[in-house]
Amino acid sequence: VQLQASGGGLVQAGGSPRLSCAASGRIFSSDVMGWYRQTPGKQRELAATITSAGITNYVDSVKGRFTISRDNAKNIIYLQMNTLKPEDTAVYSCNVKRTLPTRIDYWGQGTLVTVSS
């Protein structure tokens with residue numbers, strides 16, 4: 001599985017960019033797809049994940065502002081980011097977390113989102 005992310009860049013505070021991540025290769029219905037983010041000096045943290053059934057999970061700091069969605073037919077996930085804050089500045093990486101038949105994580109290259117105040 002290869003993941004290609006796009007949509008990052010410089011955004012003003014309050015902006016609403018959308019990140020996309022397209023997966024090539026076979027994606028299983030049991031795979032959880034998601035976005036993680038990392039800022040310098042901090043550990044990577046989960047931003048949002050989504051199952052093939054559309055069950056979502058968000059880190060508290062983005063709840064109500066970010067929306068993750070998934071197109072199972074195209075193997076694409078999106079992260080709609082609204083009301084961006086400077087503290088959302090990070091490298092956002094897409095991920096496929098597979099547990100069956102074996103446990104493995106696939107990572108895409110990160111895309112930098114910089115929020116200016």
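The values are calculated or read from the model by the stated rules, or taken from the named source; none is laboratory data. Remember, predicted model here, so these are calculated numbers, not experimental data. Cβ sites come from the backbone with ideal geometry, for glycine too, and all protein chains shown count toward neighbours. Just so you know, the surface numbers come from the protein's heavy atoms only, side chains and all, with ligands and any DNA or RNA stripped out. Shrake-Rupley method; radii C 1.70, N 1.55, O 1.52, S 1.80 Å.
R0 = 25 Å: FRET efficiency of Asn57 with Asp105, Cβ-based, nearest 0.05?
It comes to 0.95.
So what does Ile77 come to for accessible area, using a 1.4 Å probe and Å² rounded to 10?
Ignoring ligands and nucleic acids, Ile77 comes out at about 0 Å².
Ranked from the most accessible area to the least, with a 1.4 Å probe and all protein chains present, what is the order of Asp60, Asp88, Asp71?
Result of the area sort, largest leading: Asp60, Asp71, Asp88.
Report Tyr58's accessible area, 1.4 Å probe, all protein chains in place, as a number in Å² to the nearest 10.
For Tyr58, solvent-accessible area is about 40 Å².
Can you work out the PRE-style zone for Gln2? Point 7 Å along Cα to Cβ, and I want the residues of segment 12-43 with backbone N under 14 Å.
Counting backbone N atoms under 14 Å from the label point, the list is 22-26.
Can you compute the modelled spin-label distance between Ser16 and Lys74, with each label point 7 Å from Cα toward Cβ, in nm?
According to this spin-label approximation, the distance is 1.9 nm.
Where the only charges are on Cβ atoms (+1 Lys, Arg; -1 Asp, Glu), what is the dipole of the chain about its Cα centre, to the nearest 20 debye?
140
So what are the three principal axis dimensions of segment 30-73 from its Cα atoms, in whole Å, longest to shortest?
37, 21, 13
If the cut-off is a Cα-Cα distance under 18 Å, which lysines reach Lys74, setting aside same-chain residues fewer than 8 apart in sequence?
Of all the lysines, those that pass the test against Lys74 - Cα under 18 Å, at least 8 places apart if same chain - are Lys97.
What figure in square angstrom, to the nearest 10, would you give for the accessible area of Leu112 with a 1.4 Å probe?
Here the residue's solvent-accessible area equals roughly 100 Å².
If Thr83, Thr51 are ordered by their accessible area, calculated over protein heavy atoms with a 1.4 Å probe, which sequence runs from highest to lowest?
Most to least solvent-accessible, the answer reads Thr83, Thr51.
What percent do you get for the relative contact order of the chain when only Cα pairs under 8 Å and 6+ apart count?
36
Sequence neighbours fewer than 8 away in the same chain don't count; with that in mind, list the lysines whose C-alpha is under 21 Å from Lys42.
Cross-link targets: Lys63, Lys85.
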